[in-house]
Amino acid sequence: MLELDNKYLEELHTLIEEGKGSVLSKKLSSLHPTDIAKILNQLKRDDVHYTYRLLSDENKSDVLVDLNDEVREDLLGTLTSKEIAEDVIEGLESDDAADVVQDLSEEKLEEVLSLVKDEEAKSDVMDLLTYEEGTAGALMAKELVSVEENLTVTRAIRKIREQADNIDQLYTVYVVDSKARLTGRLSLKNLLLNAPSTRTPISELKNSDDLVSIKDTDSEDMVVSIMEKYDIVALPVVDAEGILVGRITIDDAVDVIIEEAEKDYQLASGISEDVESNDSVIALTRARLPWLLIGLGGGIGGAYVIGAFDIVSNPMLALFIPLIAAMGGNVGVQSSAIVVQGLASSSLNTSNILGQLSKELSVGLLNGIICSTIIFLTTYVLGFGASLSITVGISLLCVIVFAALFGTFVPLALEKRKIDPALATGPFITTANDIIGLIIYFSISSLVSSFF
């Protein structure tokens, strides 16, 4: 694995500055395309352009796939339409090629496609670009190996050899009928070892019992769920009529998992856009500022709540404001995180909101009773008095129960409305619980003080 430290980058920069292209080219040729992309992501703009020109044709294609979006977009802007046609459309599998060219302008894309000599590659990319982003169709690759069920073993092997040249990994041979509808899978072991004769039809060797497929219009989340559930490394994609149109491999599913995890983590951290550490200051600010402003509004709301109650007559109440706010926020985030995790793994659905709320109510009550009893005894023993001890104890119980219910309800409601529930695990829950927790705290304080 490449260790990309400052010393290594300085060495590369020196080679670039001194114009030692042949040395740099030889150095890069021994690296994996993913590592080369990692290097380019760290270089200055002009250095990226210079270094890319030194790569072999094969590496040029593979490196483009792994570049950061901004770096790739800028680099594509320096390439001619002919270079993009050769390096991307003809040099990559259809799914990767479509991902690279999808952000080109309509005019540029038309010009690029007009220069592609491989008509099949051009057709595949054009087909993939018609699918809506986030669907199985947009995620799939068109390259696959399929044979008709009426072929004999001899003809099927010949057909497999012809198609295998177009793909890097042969996971599965799919079986289709005369209309290209998916009817089963063909095990290579079954084909080579179990066929009675070379004239045996594939229909007698195929396996249809455990065939799993997905429609091209289904979501990429469903793709991940199916591949995880059935433990498969390649998933066939069919259209509305059952015609085999592509396949999704495990590496594409892993990319979706990583992307969703990064997105959810950013949402939970209060970052509203997909950004990376090397993005521009403006992009990073735009992604972070919205939730900071919401947090600022929450702070102002909290200050207003404190000012609305007569804290001057009982200044000791101020000592426990951080505790009430922190416990409410922590419980809310815990509850919402568990729900989001359940929704992501499909172990929880929105059809049983009342059941999940009832469960969290029980958990909140149990945790609340334990925590409120501890804080009541602690404050009373430390000499804060019965009134304040009762106020803090009851308030903490109510805040924990409310936060547990609120933290459970919000992500379920967001999921119901097709909004990413991970939004509920961050500043939204914390800010809301801070304000409502303070209202509960001071309201109970006023009620308790009327009895003492």
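Computed over the range 145-250, the alpha-carbon pair-distance distribution with 5 angstrom bins reads 2, 13, 23, 23, 20, 11, 5, 2, 0, each value a whole percent. Summarised as an ellipsoid, the range 357-452 has semi-axes of 30, 14, 10 Å, derived from the eigenvalues of the Cα gyration tensor scaled by 5 and square-rooted, with the largest first.
Note that the chain carries a Kirkwood radius of 26.7 Å, evaluated over its alpha carbons pair by pair. Simple point charges give the picture: +1 on the Cβ of Lys and Arg, -1 on the Cβ of Asp and Glu, and for the chain a dipole about the Cα centre of about 1920 debye. Taking the DSSP bridge list for the chain and keeping only pairs wholly inside it, about 70 percent are antiparallel. Under the definition of Cα pairs under 8 Å and six or more residues apart, what whole-number percent is the relative contact order of the range 75-212? Relative contact order for the range 75-212 comes out at 19 percent. Per-residue 3J(HN,Hα) values for the range 183-194, derived from phi via the Karplus relation 6.51 cos²θ - 1.76 cosθ + 1.60 with θ = phi - 60°, read 10, x, 10, 10, 6, 5, 4, 5, 5, 8, 10, 10 Hz in sequence order (x marks Gly and Pro). For the range 212-227, backbone phi angles converted through the Karplus equation (6.51, -1.76, 1.60; θ = phi - 60°) give residue-by-residue couplings of 10, 9, 9, 7, 5, 8, 6, 6, 5, 5, 5, 4, 4, 4, 5, 5 Hz, Gly and Pro being listed as x. Note down the Stokes-Einstein diffusion coefficient of the range 387-441 in µm²/s, whole number, using a Kirkwood radius over alpha carbon pairs, 20 °C, and 1.002 mPa s. Using the Kirkwood radius from Cα pairs, D works out to 178 µm²/s. Taken about its Cα centre, the range 281-449 carries a charge dipole of about 380 debye when Lys and Arg each add +1 at the Cβ and Asp and Glu each add -1 at the Cβ. For the range 281-449, the calculated P(r), taken from all Cα-Cα distances in 5 Å bins from zero up to the bin holding the longest distance, is 1, 9, 16, 18, 17, 14, 11, 7, 4, 2, 0 percent. Summed over qualifying helices (DSSP H, 4 residues or more, each -39500 (n - 2.57)) and divided by its residue number, the chain shows a 222 nm mean residue ellipticity of -19500 deg cm²/dmol.
Rounded to the nearest 10 degrees, the angle from helix 119-128 to the longest Cα principal axis of the chain is 20 degrees. Bridging of Lys82 to lysines at a Cα separation below 19 Å is possible for Lys60, Lys108, Lys117, Lys122, once same-chain residues fewer than 8 apart are set aside.
Just so you know, all these numbers are worked out from the coordinates, no wet-lab data involved. No experiment lies behind these values; they were computed from the predicted model shown. Because the Cβ atoms are built from the backbone with ideal geometry, glycine has one as well, and the counts that use them run over all protein chains shown.
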